[in-house]
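Each remark here refers to the structure printed beneath this line.
The values are calculated or read from the model by the stated rules, or taken from the named source; none is laboratory data. Predicted, not measured: the structure shown is a model, and the values here were computed from it. Here the Cβ positions follow ideal geometry from the backbone for every residue, glycine too, while neighbour counts run over all protein chains shown. For accessibility, only protein heavy atoms count, side chains too; no ligands or nucleic acids. Shrake-Rupley method; radii C 1.70, N 1.55, O 1.52, S 1.80 Å.
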Amino acid sequence: MNPDLTHLHPYPFEKLSQLKMGCTPPANLPHIALSIGEPKHPTPGFITESVIEHLHGLAIYPTTKGRIELRKTIADWLQQRFMLNGYVDPEKHVLPVNGTREALFAFAQAVIDRSQNPLVIMPNPFYQIYEGAAILAGAEPYFINCTADNHFIPDFDTVSEEIWQRCQLIYLCSPGNPTGAVIDEQSLLKLIELAHKYDFIIASDECYSEIYFDEDKPPVGLLQAACNAGYTDFSRCVVFHSLSKRSNAPGLRSGFVAGDALVLKDFLRYRTYHGCAMPPATQAASISAWQDEDHVAFNRQYYLEKFNAVLTILAPVMNVEMPQAGFYLWAETPISDTAFARQLFEQQNVTVLPGSYLARNTDSGNPGQNRIRMALVASLEECIEAAYRIRDLIENSLVT
Ligand SMILES: Cc1ncc(COP(=O)(O)O)c(C=O)c1O
């Protein structure tokens, strides 16, 4: 077996199951899960219908590059959303992927040169796939802690010259999971310049970019920052987008990567061998999904309603703030995050994810410690009920 497999960390949900073991939550309270980042709003009917309508296409092999109609739709969406002034060429700059997870993983396998003592930089806390991808690509993960002190944005000034020299790839997550922080355009530009100086690739995971709360201020993206600064070939920049969160369609497995044409050319070569073409019905449904914004705006409104309701209940008893974007609350806990999560489950039958499970220990500590991640994916009523139960625990029965 590949010995690197033994270096993979247990997934946070494995640790969570262990933590909850032996607890007996009250039988009269139905379970509420705020732990999993799986969208629960209904998938728009027209997306489902489109899948069904196109199932007759099963007799053909799809190509890895995907249909031009899909790539053109994606290019139009990108240009419109990030004001890219016609610089996105659907032939060169766009590839469909089966959700961002597989693409984020596969990307490291394609771009890392393992003969050069490689290093992959990522935020801490982070989406676990970045680390696993780096390890299995033969690279050393390097973490930049994202804490309240730096507004949960990676501070690139803390990275030494020696680390930049070994860096071949950096993962960004903006809007961030779990923090909801959006990396500002100036920081993105600084990183783009570092990427040119030290010759590394930026992989920006933007799968939460469409869940924001001010209709006039959508989060900025990496390609937008590159384009505005004159890097209109998007060199060294690749973004990852998905229909999972934007369109409540995680089961569709549809997303795309876009950016640097030379990088994508090699990534396509890798993917051809990997064998991960998007099924024809998924391609067809994805075209209709990327062409519609009404359902996305409606989705945002519903999340906003939930954030407002939950924060009104929780803000008086814990340090928790409205995120800039995304659907998570990254709240501070009055006791350790693991003890809090266990007591919450045991006493109130609500599951949240301890922050320390989403981060690694570093010389300056574990930036997930004393925080929990709450995904506001359930219905408004369930989110409100969960918030009241959390408040009840803190006010009445938390064992400190
Ligand atoms: C930060 C982040 N990136 C990527 C993904 C993967 O999403 P998908 O593969 O459904 O596009 C997730 C899913 O939870 C995520 O939280």
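Under the membrane-span-like helix rule (DSSP H runs whose alpha carbons stretch at least 24 Å along the helix axis, mean Kyte-Doolittle hydropathy -1.0 or higher), the chain yields 294-314. Here the ratio of the Cα radius of gyration of the stretch 213-371 to 2.2 N^0.38 Å is 1.33. Semi-axes of the equivalent ellipsoid of the stretch 106-260 are 23, 18, 16 Å, computed as sqrt(5λ) over the eigenvalues of the C-alpha gyration tensor in descending order. Translational diffusion of the stretch 211-306 was estimated from the Stokes-Einstein equation, with Rh taken as the Kirkwood radius over Cα pairs; at 37 °C and 0.692 mPa s the coefficient is 213 µm²/s. Convex hull volume of the Cα atoms of the stretch 299-400, normalised per residue: 97 Å³. Within the shell of other residues whose beta carbon sits under 14 angstrom from the beta carbon of I112, the net charge comes to -4, with Lys and Arg scored +1 and Asp and Glu -1. Could you check what % of the DSSP bridge pairs in the chain are antiparallel, to the nearest 5? Within the chain, antiparallel bridges account for around 45 percent of the total. Distance from the C-alpha centroid of the stretch 109-175 to that of the stretch 333-353: 30 Å, rounded to the whole angstrom.
The alpha carbons of the stretch 55-178 give a radius of gyration and a Dmax of 17.6, 55 Å, in that order.
Working note: Cα gyration tensor of the chain, eigenvalues times five, square-rooted, sorted largest first, giving semi-axes of 34, 26, 20 Å.
Per residue, the accessible area of the chain comes to 42 Å² when a 1.4 Å probe rolls over the protein heavy atoms.
Note on the chain: lysine pairs with Cα distance below 26 Å, sequence gap of 8 or more or different chains, count 23.
Computed over protein heavy atoms with a 1.4 Å probe, the carbon and sulfur contribution to the accessible area of the stretch 190-326 reaches 51%.
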